[in-house]
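Read the structure below first, then the notes.
The values are calculated or read from the model by the stated rules, or taken from the named source; none is laboratory data. Here the structure is a predicted model, which is why all the values come from computation and not from measurement. All Cβ positions, even for glycine, are placed from backbone atoms using ideal geometry, and neighbour counts span all protein chains on display.
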Amino acid sequence: MICRPALTRGSQLALRRQGAAKLARRGFAAVASPKASYEPTTIGDVKVASRDDGGPTTRLAVVAKAGTRYEPLPGLTVGLEEFAFKNTQKRSALRITRETELLGGQLSSYHTREALVLQANFLREDLPYFVELLGEVLSQTRYTTHEYHEEVEDVIHAKQAKVDAAAVALDAAHSVAFHTGLGAPLYPTPSTPISSYLNEHSVAAFAEAAYSKSNIAVIADGASQAGLSKWIEPFFQAVPAQSPSPLNTAASKYYGGEQRIARLGGNSVVIAFPGAALGANQPEIAVLVGLLGGESTIKWSPGFSLLSKAAAAAPGASAKAINFAYSDAGLLAIQINGQAKAVRKAAEESVKALKSVAEGGVSKENLVKAIAKAKFNLLSASEASGTGLVLTGSSLIHGGQPLQVAESVKALEGVTADKLKTAAKTLLEGKASVAAVGDLHVLPFAEELGLRPSAAVDSRLAHHTVHIVILHLTHFPLSVCHGEGTITIGICVWSRDSELGGACRLFASRFLAPRKRAHPESRSHCETKSVNRPAPTAKMTFAWKAAGLTYNRYLAVAARVVRRSLKEDKRLAAERRGQQDLRFAKWSNGKQGEIKNLAEANAQAAVESAATGGTA
Amino acid sequence: MTAPSLYNAVVKRPWLLKLLQPVANWYTNAAGYRQMGLRADDLISEENETVLKALRRLPPKESYDRVYRIRRATQLSLQHKILPRSEWTKPEEDVPYLTPILEQLAAEAKEREALDTMTVLKKH
């Protein structure tokens with residue numbers, strides 16, 4: 001034993017330096033062996049991706065093409081998820097649980113919109129047991145009636161009750177963005193009618209369709225390649241090669257729009273735009289997500305990210321940006337949760353932040369930070385066992401390749417401020433998908449946030465005017481235009497917007513004059529035609545006609561309603577236009593009568609109608 | 001809950017089965033439940049957790065029919081009557097519908113018991 005003072009100062013320093021050198025070496029060693037990407041292979045017709053860092057534990061997952069996107073009936077994915085690791089032909093659910101516990105493993109099943117994941121985490125040497133178990137669950141689960149009633153149903157109800165405002169808002173945003181397929185809710189809410197679709201038989205039929213070798217991928221993190229190639233083939237033999245009934249794999253289409261859902265307990269607004277799909281080469285979206293961020297990465301400060309600053313301006317709300325990447329579409333969503341008023345404020349601030357990016361307000365420093373954040377997000381997601389497994393599995397089952405980390409990181413570094421600006425601008429110019437869930441009295445409309453939802457009727461009318469003058473109709477008895485045995489009525493579509501003009505032409509040709517087309521040159525064109533009018537057929541039953549209105553009155557009422565639904569400034573402008581632009585003339589015997597202002601004629605007709613107790 | 005039975009032992013020995021079958025048939029008819037339209041499984045006492053659980057696992061149609069048979073039998077019992085001969089339960093209708101579920105439950109309980117009381121031998 002050496003007493004302390006016996007050591008010289010020099011030897012103490014030398015010892016310390018040695019220790020420090022050891023630490024430094026260890027640090028370098030860790031940097032030198034990063035987790036590699038998943039290597040895709042095929043073992044016995046099953047798509048397999050694996051990586052092995054030689055650690056003591058393994059994560060093995062079967063990723064099946066059975067997410068909510070592919071469920072033929074609502075609720076089947078959650079049914080299949082809950083039926084995982086239940087009674088099989090070989091052993092009971094109880095035995096599966098107990099044996100797994102004895103081996104120190106964990107079994108879990110969860111789903112995303114595209115994939116259903118059956119995962120087992122266990123000690124490295126237990127690979128054969130768990131490969132056998134997963135193969136057995138896929139091909140030999142019994143889907144018994146009593147398990148459905150005693151175990152599955154109750155769990156689903158309990159999970160349904162837990163669906164919160166944030167989840168509902170995300171589902172609503174997906175629903176308006178993609179309608180069917182990806183638009184199906186991730187978890188059905190308690191008010192979703194699933195009981196008529198969900199039962200053990202429908203789940204078994206879905207399992208048969210989904211669990212085939214072409215629809216699954218086995219992802220292993222920390223398992224030896226030799227072990228996988230030895231065990232997967234025998235244990236996955238019973239899984240059918242092709243599914244007897246193909247899944248519905250219609251391509252996703254982005255629609256956009258707005259949805260508002262009143263709900264107690266929790267407020268959430270989701271503002272979503274078309275984002276980057278899985279494997280799409282759009283690094284700017286990833287950087288934009290990094291820039292918008294939301295969750296602070298450092299303590300005691302909102303950090304640099306735009307959304308966390310926006311949320312800091314509205315205490316009581318939290319905001320974050322996420323890019324949901326799917327196989328053929330993506331959704332870049334900004335989600336804001338919290339108290340209603342704070343959510344409103346934060347939503348306004350968030351849109352302002354996005355607009356500032358679109359107008360080029362990203363400093364160079366922030367861009368560097370955003371790229372660094374995007375890199376971290378990417379690497380961390382590929383490293384973390386859960387997300388990495390699911391992402392790799394989803395890519396494989398959709399025929400793609402696992403994420404190549406090095407290339408993606410390189411792409412991120414190439415993002416410039418200009419690219420980011422263009423990306424943000426494209427998002428804002430496109431249709432947004434906006435969902436508001438919670439206290440609708442407070443939560444904002446998309447229009448109020450300054451976004452363009454897709455249902456563009458009102459915003460269109462704010463910009464364009466429809467001038468309706470003349471179109472020939474032979475089978476509409478219009479009291480204004482009765483001639484002696486001849487009716488010559490016309491409506492001409494007059495628009496400042498060629499697209500809208502086209503729509504009006506279409507409308508005219510489809511609904512008003514099936515046999516006679518409106519003049520293609522509708523712009524400021526009045527066409528007249530004199531025809532011998534046959535006796536009006538009594539079969540036409542339009543609502544306006546049944547209500548005793550003339551066609552002009554009907555148009556006037558409809559136009560008035562539309563104008564009144566506009567916002568104040570636009571309404572005033574529209575009404576002014578309405579006053580000056582609507583005119584009509586009565587033609588009889590091929591001669592044009594007096595040109596009258598329709599608004600005045602309408603007002604007059606309304607007075608007469610009121611005097612006679614009419615319905616208009 | 002299943003009662004102890006020599007059924008399997010008898011069925012394994014054809015000569016014994018042949019010998020006992022007429023006795024069994026006589027006994028079953030003499031028991032009188034078929035004359036009231038019941039099945040043998042309707043007679044299982046339902047005042048215990050296992051049978052109640054088994055009854056919950058019956059398909060809805062089976063469950064409805066069971067209740068109908070029992071109510072009819074109760075009514076007959078009150079009236080001190082038996083059904084007309086055409087409505088008696090035929091031997092081919094008198095199938096065990098509850099026993100398989102009870103056996104399944106017993107197997108589950110046995111498995112649970114075995115797993116609860118097992119001794120774990122460690123490999124290392």
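The sole residue among A:S229, A:S243 that is under 24 Å from A:G386 (Cα atoms), surrounded by 14 or more Cβ atoms within 10 Å (Cβ to Cβ) and small (G, A, S) is A:S229. If I ask for residues that are within 12 Å of chain A (Cβ to nearest Cβ) and either in contact with a Phe, Trp or Tyr (Cβ under 7 Å, 6 or more places away or on another chain) or among the aliphatic types (A, V, I, L, M) (or both), which ones from segment B:70-124 would you list? B:I101, B:L105, B:A107, B:A109, B:A114, B:L115, B:M118, B:V120, B:L121 - these are the residues of segment B:70-124 that are within 12 Å of chain A (Cβ to nearest Cβ) and either in contact with a Phe, Trp or Tyr (Cβ under 7 Å, 6 or more places away or on another chain) or among the aliphatic types (A, V, I, L, M) (or both).
Answer yes if at least one residue in segment B:17-31 is outside any helix (DSSP H, G or I) and either away from chain A (no Cβ under 14 Å) or modelled with pLDDT under 95 (or both), and no otherwise. So far as segment B:17-31 goes, no, none of its residues is outside any helix (DSSP H, G or I) and either away from chain A (no Cβ under 14 Å) or modelled with pLDDT under 95 (or both).
Please verify whether A:G279 is modelled with pLDDT under 90, assigned to a loop (DSSP other than H, G, I, E, B) and surrounded by fewer than 17 Cβ atoms within 10 Å (Cβ to Cβ), treating the condition exactly as stated. Spelling it out, it is not the case that A:G279 is modelled with pLDDT under 90, assigned to a loop (DSSP other than H, G, I, E, B) and surrounded by fewer than 17 Cβ atoms within 10 Å (Cβ to Cβ). Among the residues of segment A:220-274, the ones that are within 30 Å of A:K90 (Cα to Cα) and of a type outside the set (G, A, S) come to 17 in all.
Per the listing A:L133, A:L116, the residue uniquely more than 11 Å from every other protein chain (Cβ to nearest Cβ), in contact with a Leu (Cβ under 7 Å, 6 or more places away or on another chain) and either in contact (Cβ under 8 Å) with a residue 12 or more places away in the chain or of a type outside the set (F, W, Y) (or both) is A:L116. The single condition among (1) out of contact with any Gly (no Cβ under 7 Å at 6 or more places or on another chain); (2) within 14 Å of chain B (Cβ to nearest Cβ) that A:A158 does not meet is (2). The test for being β-branched (V, I, T), within 26 Å of A:I96 (Cα to Cα), more than 12 Å from every other protein chain (Cβ to nearest Cβ) and surrounded by 15 or more Cβ atoms within 10 Å (Cβ to Cβ) holds for B:T50.
As a summary of the residue check, A:S356 satisfies the conditions (1) buried (at least 18 other Cβ atoms within 10 Å of the Cβ); (2) in a helix (DSSP H, G or I) except for the one numbered (1). With respect to (1) more than 14 Å from chain B (Cβ to nearest Cβ); (2) within 22 Å of A:V63 (Cβ to Cβ), the lone exception for A:T88 is condition (1). Taken over segment A:136-155, the criterion of being more than 14 Å from chain B (Cβ to nearest Cβ), of a type in the set (S, T, N, Q) and not in a helix (DSSP H, G or I) is satisfied by A:T141 alone.
List every residue pair whose Cβ atoms sit under 8 Å apart, with the two residues 6 or more apart in sequence or on different chains, where the first one lies in segment A:93-110 and is more than 10 Å from chain B (Cβ to nearest Cβ) and the second, anywhere, is among the hydrophobic types (A, V, I, L, M, F, W, C) and surrounded by fewer than 18 Cβ atoms within 10 Å (Cβ to Cβ). Qualifying pairs under 8 Å: A:L103/A:L123; A:G104/A:L123; A:G105/A:L123.
Filtering segment A:412-438 to residues that are surrounded by 18 or more Cβ atoms within 10 Å (Cβ to Cβ) and farther than 15 Å from A:G360 by Cβ leaves A:L412, A:K431, A:A432, A:S433, A:V434, A:A435, A:A436, A:V437, A:G438. Per the listing A:S301, A:S327, A:S296, A:S318, the residue uniquely free of Cβ contacts under 8 Å to residues at least 24 places away in the same chain, touching a helix residue (DSSP H, G or I) at 6+ places or on another chain (Cβ under 8 Å) and not assigned by the TED database to the domain that holds A:G67 is A:S296. Here A:A173 fits the description: surrounded by 15 or more Cβ atoms within 10 Å (Cβ to Cβ), touching a strand residue (DSSP E or B) at 6+ places or on another chain (Cβ under 6 Å) and more than 14 Å from chain B (Cβ to nearest Cβ). Taking into account only those residues within segment B:53-68 that are free of Cβ contacts under 8 Å to residues at least 24 places away in the same chain and not small (G, A, S), which is farthest from the other protein chains (Cβ to nearest Cβ)? Per the stated criteria, the residue is B:Y68.
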